[in-house]
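The structure under discussion appears below in the form of structure tokens.
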Amino acid sequence: MSTILNFTGTLLKNLVSKPVTKNYPEEPAVYPERSRGHIVIDVDQCISCGLCVRSCPPRCIKVDKNEGTWTINRFDCIACGYCASKCPKKCLSLVPGYQKPGRSKAAVTYKKSAEVMEAERKKAEEMAQRKAAAVKAAGEKKAAAQTGGQAAGAAAQVQAAQAQAAAPVKAPSENQ
Amino acid sequence: MGKVSVVPFGPQHPVLPEPIHLDLVLEDEKVIEAVPSIGFVHRGLESLIVKKDYNEMVYVAERTCGICSFGHGMGYVEAVEKIMNVEIPARARYLRTIWMELSRMHSHLLWLGLLADAFGYESLFYHCWRIREQVLDMIEESTGGRVIFSVNKVGGVMKDIDAQMLGRFVEKLGDVEEQICAIRKNFLGDRTVQMRLCGVGVLTKKQAHDLGCAGPFGRASGIATDMRIRGYGAYADLDFEPIIRTDGDSYARCACRIDELLQSIDLIRQAAAKIPAGDLSVPVKGNPDGEYFMRIEQPRGEAVYYVKGSGKPYLNRLRIRTPTFANLAGLCETLKGADYADVPILVLTIDPCISCTER
Ligand code: SF4
Ligand code: SF4
């Protein structure tokens with residue numbers, strides 16, 4: 001069975017019907033809700049743990065804990081969403097809307113607000129102090145218990161002093 | 001005997017945007033031999049396995065191909081799941097099957113458009129891609145990406161298609177089915193199309209078998225090779241038969257793929273009717289230790305994923321064999337004795353995906 005001109009009907013219909021394509025960019029594109037467009041971050045929630053940095057397949061994220069910054073090179077990001085699934089604070093999410101073209105592969109940096117940085121610094125300090133105080137108290141208690149026995153007391157004091165020296169360095173990392 | 005000359009074809013050629021190079025040895029207008037060479041877009045994806053852990057690798061495996069990306073991700077995760085003895089929830093198996101079939105539909109519709117373009121039927125080309133757009137919309141709505149789905153993970157899937165969305169898809173696929181039946185007439189019933197395809201590039205069943213042809217290319221020559229009957233995903237619960245033609249010419253390959261489109265719609269309908277409720281994924285602990293050879297049916301044919309791990313997060317080896325690689329030998333055989341003007345069509349009828357062949 002073979003015919004000719006059997007596409008003519010479709011052609012005629014297409015001639016009189018509206019175009020199926022959109023007049024983009026005059027008419028904006030509509031993305032579905034799940035569209036994986038680009039990553040957004042709620043940077044004040046970020047605890048700079050670096051899990052996203054290590055999980056990102058093209059390695060396009062950088063995190064600087066001291067500066068409180070989170071940097072992404074959107075030109076390298078493949079919008080896979082793996083970082084968002086790994087983030088312990090759930091502060092990353094993939095939202096609709098594609099990356100704009102550009103002349104160079106520039107990275108974008110997000111910085112935590114001054115208040116959050118200040119609050120974090122204070123909290124870290126407070127924790128360090130509290131920890132130091134706790135260690136000191138424990139050391140004194142031990143020393144007091146051992147005032148009778150002289151030989152062991154000296155060793156305990158050395159231990160307590162060592163712990164005190166180590167505490168301020170260790171405390172901020174445990175806090176964050 | 002006429003004069004023998006060698007004409008280069010590709011790697012840049014208007015008929016297909018894929019970088020394959022063929023040295024065509026011509027005698028007058030007849031091709032007497034075709035010597036293929038590939039290697040223009042090798043990306044070294046397999047070697048990334050030593051740098052990315054097995055979870056990250058899902059995203060790399062998916063990017064093997066820009067058309068059958070979902071299948072590559074699925075083949076890889078299923079191989080890893082088999083090594084780790086992970087039993088994924090039934091709902092996840094069904095969802096993977098639905099996405100796989102949607103992916104097959106968009107691939108086949110793309111190919112039909114390209115075929116129409118190759119024999120100079122521009123309006124049919126655009127019409128096929130217009131139908132394909134509806135499938136892409138469904139894919140985008142359910143996964144968030146039009147080409148790269150990124151919904152697979154080791155242990156299940158990450159996104160759900162709820163009953164309402166699935167109902168909408170099935171309804172829309174009804175429309176798509178009608179449109180496909182209409183273009184089926186244009187492709188298979190039109191005399192001009194038949195003159196370009198019938199009897200062109202015949203590959204007998206024996207030849208196809210000896211050369212190890214895969215997918216619709218092999219099925220058009222009468223070989224019942226369809227990995228879906230192995231029953232991975234939810235295919236074991238669905239009722240279908242591989243679509244086979246016996247003529248082995250370009251027309252048979254075209255007919256095979258059009259009928260597979262209708263088969264895919266039917267499979268999605270069946271899966272939508274049977275899909276059980278339940279979790280999308282199961283938690284996975286530990287690292288893969290062992291090896292597995294996963295075979296799945298991609299739109300272009302059988303793809304093979306070999307994965308080997310040794311109890312570390314970084315796997316030792318990933319090997320992907322894509323269907324186009326298997327079909328290149330068959331292609332060179334069909335080119336022997338063909339008219340020079342038929343070469344573009346013959347190259348297209350294997351549905352070449354050179355980039356994924358080179359990984
Ligand atoms: S979406 Fe993927 S590629 Fe982009 S930053 Fe996250 S992990 Fe990296
Ligand atoms: S994983 Fe989340 S919390 Fe951790 S550094 Fe990245 S964005 Fe911040």
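Looking only at the range B:106-140, which residues are within 30 Å of residue B:54 (Cβ to Cβ) and touching a helix residue (DSSP H, G or I) at 6+ places or on another chain (Cβ under 7 Å)? Step through it out loud before you land on a result.
Restricting attention to the range B:106-140, the residues satisfying the condition of being within 30 Å of residue B:54 (Cβ to Cβ) are B:106-107, B:136, B:138-140.
Selection gives B:106, B:136, B:138, B:139.
Please verify whether residue A:47 is under 18 Å from the mean Cα position of the chain (by Cα), within 15 Å of ligand 1 (Cβ to nearest atom), in the same structural domain as residue A:92 (by TED's automatic domain parsing) and not acidic (Asp, Glu), treating the condition exactly as stated. Let's see the steps before the verdict.
On the way: under 18 Å from the mean Cα position of the chain (by Cα): yes; within 15 Å of ligand 1 (Cβ to nearest atom): no; in the same structural domain as residue A:92 (by TED's automatic domain parsing): yes; not acidic (Asp, Glu): yes.
So residue A:47 fails the test.
Which ones in the range B:166-185 are more than 10 Å from chain A (Cβ to nearest Cβ), surrounded by fewer than 18 Cβ atoms within 10 Å (Cβ to Cβ) and either assigned to a loop (DSSP other than H, G, I, E, B) or of a type in the set (A, V, I, L, M, F, W, C) (or both)?
To start, the set of residues in the range B:166-185 that are more than 10 Å from chain A (Cβ to nearest Cβ) comprises B:166-178, B:180-181, B:184.
Now restrict to residues that are surrounded by fewer than 18 Cβ atoms within 10 Å (Cβ to Cβ): B:167-168, B:170-172, B:174-175, B:177-178, B:181, B:184.
If the condition is that a residue be more than 10 Å from chain A (Cβ to nearest Cβ), surrounded by fewer than 18 Cβ atoms within 10 Å (Cβ to Cβ) and either assigned to a loop (DSSP other than H, G, I, E, B) or of a type in the set (A, V, I, L, M, F, W, C) (or both), then B:170, B:181 are the ones that fit.
Among the candidates B:149, B:169, which residue alone is touching a Phe, Trp or Tyr at 6+ places or on another chain (Cβ under 6 Å) and more than 30 Å from residue B:120 (Cβ to Cβ)?
Values: B:169 fails: touching a Phe, Trp or Tyr at 6+ places or on another chain (Cβ under 6 Å).
The unique qualifying residue is B:149.
Hey, residue B:125 hits all of (1) surrounded by 22 or more Cβ atoms within 10 Å (Cβ to Cβ); (2) under 20 Å from the mean Cα position of the chain (by Cα) but one; which does it fall short on?
(1)
Out of the range A:7-21, which residues are within 11 Å of chain B (Cβ to nearest Cβ) and charged (D, E, K, R)?
If the condition is that a residue be within 11 Å of chain B (Cβ to nearest Cβ) and charged (D, E, K, R), then A:13 is the only one that fits.
When the range A:59-106 is examined, which residues are found to be more than 7 Å from ligand 1 (Cβ to nearest atom), more than 25 Å from residue B:140 (Cα to Cα) and among the aliphatic types (A, V, I, L, M)?
Hits for the range A:59-106 are A:63, A:106.
Mind listing whichever residues of the range A:85-106 are within 16 Å of ligand 2 (Cβ to nearest atom) and touching a Cys at 6+ places or on another chain (Cβ under 8 Å)? Write out each step before concluding.
The first filter runs over the range A:85-106 and keeps only residues within 16 Å of ligand 2 (Cβ to nearest atom), leaving A:85-95.
Of everything in the range A:85-106, those that are within 16 Å of ligand 2 (Cβ to nearest atom) and touching a Cys at 6+ places or on another chain (Cβ under 8 Å) turn out to be A:86, A:87, A:88, A:89, A:91, A:92.
So how many residues does the range B:141-157 have that are within 7 Å of chain A (Cβ to nearest Cβ) and part of a loop (DSSP other than H, G, I, E, B)?
3
Does residue B:56 satisfy being touching a helix residue (DSSP H, G or I) at 6+ places or on another chain (Cβ under 7 Å) and more than 21 Å from residue B:98 (Cα to Cα)? Give the derivation first.
Working: touching a helix residue (DSSP H, G or I) at 6+ places or on another chain (Cβ under 7 Å): yes; more than 21 Å from residue B:98 (Cα to Cα): yes.
Judged against the criteria, residue B:56 is a match.
Take the residues in the range B:7-24 that are in contact with a His (Cβ under 8 Å, 6 or more places away or on another chain) and crowded, with 19+ Cβ neighbours inside 10 Å, then tell me which one is modelled with the lowest pLDDT. Give the derivation first.
The initial filter retains those residues of the range B:7-24 that are in contact with a His (Cβ under 8 Å, 6 or more places away or on another chain), namely B:8-11.
Subsequent filtering for residues that are crowded, with 19+ Cβ neighbours inside 10 Å retains B:9-10.
Values: B:9: 83, B:10: 74.
It comes out as B:10.
Tell me the residue from A:130, A:103 that is part of a loop (DSSP other than H, G, I, E, B), more than 14 Å from every other protein chain (Cβ to nearest Cβ) and over 19 Å from the mean Cα position of the chain (by Cα), please. Walk me through it before giving the result.
Numbers: A:130 fails: part of a loop (DSSP other than H, G, I, E, B).
Of A:130, A:103, the one residue that is part of a loop (DSSP other than H, G, I, E, B), more than 14 Å from every other protein chain (Cβ to nearest Cβ) and over 19 Å from the mean Cα position of the chain (by Cα) is A:103.
Among the residues of the range B:44-65, how many are facing another protein chain (nearest Cβ under 9 Å) and within 24 Å of the chain's Cα centre (by Cα)?
Applying the first criterion (facing another protein chain (nearest Cβ under 9 Å)) to the range B:44-65 yields B:48, B:52-53, B:55-60, B:62-63.
Checking the rest, the ones that are also within 24 Å of the chain's Cα centre (by Cα) come to B:48, B:55-60, B:62-63.
Within the range B:44-65, residues that are facing another protein chain (nearest Cβ under 9 Å) and within 24 Å of the chain's Cα centre (by Cα) number 9.
Check B:214, B:271 and return the single one that is aliphatic (A, V, I, L, M) and closer than 23 Å to residue B:158 by Cα.
Details: B:214 fails: closer than 23 Å to residue B:158 by Cα.
Within the list B:214, B:271, the selection yields B:271.
Would you be able to say whether some residue in the range A:59-71 is within 12 Å of chain B (Cβ to nearest Cβ) and either within 9 Å of ligand 2 (Cβ to nearest atom) or farther than 24 Å from residue B:149 by Cβ (or both)? Full working, then the answer.
The first filter runs over the range A:59-71 and keeps only residues within 12 Å of chain B (Cβ to nearest Cβ), leaving A:59.
In the following step, the residues that additionally are either within 9 Å of ligand 2 (Cβ to nearest atom) or farther than 24 Å from residue B:149 by Cβ (or both) were identified as none.
No, the range A:59-71 contains no residue that is within 12 Å of chain B (Cβ to nearest Cβ) and either within 9 Å of ligand 2 (Cβ to nearest atom) or farther than 24 Å from residue B:149 by Cβ (or both).
State all residues of the range A:16-67 that are among the β-branched types (Val, Ile, Thr), surrounded by fewer than 13 Cβ atoms within 10 Å (Cβ to Cβ) and closer than 28 Å to residue B:63 by Cα; if no residue qualifies, say none. I'd like the intermediate steps shown before the answer.
Filtering the range A:16-67 for residues among the β-branched types (Val, Ile, Thr) gives A:16, A:20-21, A:30, A:39-41, A:43, A:47, A:53, A:61, A:63.
Now drop any that are not surrounded by fewer than 13 Cβ atoms within 10 Å (Cβ to Cβ), which leaves A:16, A:20-21, A:30.
Within the range A:16-67, A:21, A:30 qualify.
Among the residues of the range A:94-107, is any at pLDDT 80 or above, surrounded by fewer than 12 Cβ atoms within 10 Å (Cβ to Cβ) and of a type in the set (Ser, Thr, Tyr)?
Taking every residue of the range A:94-107 in turn, at least one turns out to be at pLDDT 80 or above, surrounded by fewer than 12 Cβ atoms within 10 Å (Cβ to Cβ) and of a type in the set (Ser, Thr, Tyr).
Among (1) in a loop (DSSP other than H, G, I, E, B); (2) away from ligand 2 (no atom under 13 Å from the Cβ), where does residue A:123 come up short?
So the condition that residue A:123 fails would be (1).
Could you go through the range A:14-27 and let me know if any residue there is among the basic types (Lys, Arg) and more than 14 Å from ligand 1 (Cβ to nearest atom). Working first, answer last.
Step one: list which residues in the range A:14-27 are among the basic types (Lys, Arg), which gives A:18, A:22.
Filter again for more than 14 Å from ligand 1 (Cβ to nearest atom), leaving A:18, A:22.
Looking through the range A:14-27, at least one residue is among the basic types (Lys, Arg) and more than 14 Å from ligand 1 (Cβ to nearest atom).
Tally the residues that are within 16 Å of ligand 2 (Cβ to nearest atom) and closer than 25 Å to residue B:159 by Cβ, restricting the search to the range A:14-45. I'd like the intermediate steps shown before the answer.
If we filter the range A:14-45 for residues that are within 16 Å of ligand 2 (Cβ to nearest atom), which is where we start, we get A:38-45.
Cutting the leftovers down to closer than 25 Å to residue B:159 by Cβ gives us A:38-42, A:45.
Of the residues in that region, 6 qualify.
The values are calculated or read from the model by the stated rules, or taken from the named source; none is laboratory data. Computed from a predicted structure; not experimentally measured. Cβ sites come from the backbone with ideal geometry, for glycine too, and all protein chains shown count toward neighbours.
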